[in-house]
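Written out below as structure tokens is the structure these notes cover.
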Amino acid sequence: VHLRHVKDSDYEKALALTDSLWDGRPRDARLSRVFFVQFAQVSFAFEADGDLVGLLLGLLSQTRPDEAVVHFVGVDPAFRRLGFGRRLYERFFAAAQMHGRKAVRAYAVPADREAIAFHLALGFEPLGEGALAKDTPVCPDYTGKGGHRVVLRRSVGPELEALSTSLTRAG
Ligand SMILES: CC(C)(COP(=O)(O)OP(=O)(O)OC[C@H]1O[C@@H](n2cnc3c(N)ncnc32)[C@H](O)[C@@H]1OP(=O)(O)O)[C@@H](O)C(=O)NCCC(=O)NCCS
């Protein structure tokens, strides 16, 4: 299993991965090829035996020049709770910092308590002033009517400088 930047030819494999994420239940996780072509500098994949078993698609915000944003993160169910999600994020934090970003923003469906727990474990904090869903602030209609989202944010601080330096040296 190895961690690397995404590439254009990953696109079909990424669709196969998203199909497996929620036990075959349909979810609005349609991915655009644009991430694999245009945002590869800050998007990462775990590959195992030619398949993608983990994926993080990120971007460098244009409107918030100090922020990077996670558009999608997912790990194959057979590879969960092994630290793959954390390692994808650590690589992304380092890349964000290398590009001068001071914080990372991510989004989660309010009912998705596991995804929220994962982000809280990684040091994210929920933002938003909307109605409370259980104990988590929610931004209502964020992705259109009924598309509520928890918005999470985390600083990328100096503790990542060492990792960032070693990744720069490794190219
Ligand atoms: C969320 C997801 C990416 C986590 O990936 P993962 O590789 O299993 O996560 P990690 O093993 O790196 O977990 C890191 C920490 O996050 C927390 N965490 C991860 N999954 C969790 C869960 N299901 N419930 C509670 N906490 C969880 C734990 O603290 C964990 O550390 P630990 O295993 O030492 O206790 C994965 O479950 C997934 O793909 N889910 C479906 C897609 C999804 O919901 N994506 C996020 C959309 S916002």
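Quick notes on this structure:
- Amide H contacts for Cys139 (H built 1.01 Å from N in the peptide plane; partners 5 or more residues away or on another chain; cut-off under 5 Å): Arg149, Val150, Val151.
- 1.4 Å probe accessible area per residue over region 16-113, in Å²: 50 Å²
- With every protein chain in place, region 1-117: carbon and sulfur % of accessible area (1.4 Å): 49 percent
- Sorting the segments 53-61, 91-99, 3-11, 138-146 by their mean number of nearby beta carbons within 10 angstrom, highest to lowest, gives 53-61, 91-99, 3-11, 138-146.
- Averaged over residues, the count of other Cβ atoms within 10 Å places the peptides 33-44, 72-83 in the sequence 33-44, 72-83, highest first.
The values are calculated or read from the model by the stated rules, or taken from the named source; none is laboratory data. Being a predicted model, the structure only gives us computed values, none of them experimental. Neighbour counts run over all protein chains shown; Cβ positions are idealised from the backbone, glycine included. Keep in mind that these areas ignore ligands, DNA and RNA; they rest on the heavy atoms of the full protein, side chains included. Shrake-Rupley method; radii C 1.70, N 1.55, O 1.52, S 1.80 Å.
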